[in-house]
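Below: the structure, in structure tokens.
The values are calculated or read from the model by the stated rules, or taken from the named source; none is laboratory data. From a predicted model like this one, the values you see are computed outputs, not experimental measurements. Here the Cβ positions follow ideal geometry from the backbone for every residue, glycine too, while neighbour counts run over all protein chains shown. Remember, those area values only see protein heavy atoms, side chains included, never the ligands or the DNA or RNA. Shrake-Rupley method; radii C 1.70, N 1.55, O 1.52, S 1.80 Å.
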Amino acid sequence: MLKVGLTGGIGAGKSEVSRLLVSYGAVLIDADRIAREVVEPGTPGLAAVVAAFGDGVLTGDGTLDRPKLGSIVFADPERLATLNAIVHPLVGARSAELESAAGPGDVVIHDVPLLTENGLASLYDLVVVVDASPETQLDRLVRLRGMAVAEAKARMAAQATRADRLEIADLVIDNDGPLDALEPQVREVWDELTRRTADRA
């Protein structure tokens with residue numbers, strides 16, 4: 001098994017890279033998806049979030065109001081750290097459970113947005129970074145996700161710098177260009193990952 005950490009700044013296009021890798025045969029463990037699962041209604045995770053941030057972060061039906069919580073934590077590093085201290089251990093435990101179910105010859109992609117910020121590079125056999133310029137990130141967040149410029153900039157500022165991400169990268173996928181330029185790069189990375197997996201067998 002080859003354990004790969006996949007990361008990139010918000011708006012860099014990591015989700016599209018994940019989708020392509022899965023289409024080639026990768027086993028995907030998506031930290032964002034797991035982070036949503038561990039705070040679903042009735043979970044200890046949601047109870048801990050409400051205890052830390054109050055009932056105001058719930059919607060009328062008792063689910064987590066993500067935009068509301070996001071507006072609180074992304075403007076305040078201390079509150080973001082509080083949220084991370086609740087969610088990250090739960091995500092880590094569930095990720096380990098999913099990884100243990102993968103086969104010995106599998107390429108397991110851990111899609112981890114905050115890999116750089118949390119110093120997790122050493123947990124993986126190698127790290128793949130999806131890279132885009134801050135200008136491209138901002139454009140995608142505003143144009144494609146409908147974020148206000150100030151909110152997009154706050155989200156970007158809460159993450160690691162581009163230089164910090166590139167420093168931990170073993171392989172880099174440049175996603176500053178159009179979508180049709182992305183697929184050949186991802187295929188090349190996949191070929192490298194499968195080669196490394198075979199070398200370990």
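Each row is one residue, and each column tells you yes or no for (1) among the basic types (K, R); (2) surrounded by 14 or more Cβ atoms within 10 Å (Cβ to Cβ); (3) touching an Asp or Glu at 6+ places or on another chain (Cβ under 8 Å).
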| residue | (1), (2), (3) |
| --- | --- |
| M147 | no, yes, no |
| Q159 | no, yes, yes |
| D176 | no, yes, yes |
| L179 | no, no, yes |
| T194 | no, yes, no |
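Number of residues in the stretch 1-34 that are surrounded by 18 or more Cβ atoms within 10 Å (Cβ to Cβ), within 13 Å of the chain's Cα centre (by Cα) and assigned to a helix (DSSP H, G or I): the value is 5. Of the candidates G56, G45, G13, G5, the single residue that is in contact with a helix residue (DSSP H, G or I) (Cβ under 8 Å, 6 or more places away or on another chain) and under 19 Å from L141 (Cα atoms) is G13. V128 satisfies every condition listed in (1) outside any helix (DSSP H, G or I); (2) under 26 Å from S71 (Cβ atoms); (3) in contact (Cβ under 8 Å) with a residue 24 or more places away in the chain; (4) open to solvent by less than 40 Å² (accessible area, probe 1.4 Å) except (2). Just name the residue that is modelled with the lowest pLDDT out of those in the stretch 76-102 that are out of contact with any Phe, Trp or Tyr (no Cβ under 9 Å at 6 or more places or on another chain) and β-branched (V, I, T). Going through the qualifying residues, I end up with V91.
Of the set (1) within 25 Å of V22 (Cβ to Cβ); (2) at pLDDT 90 or above, all apply to R162 but (1).
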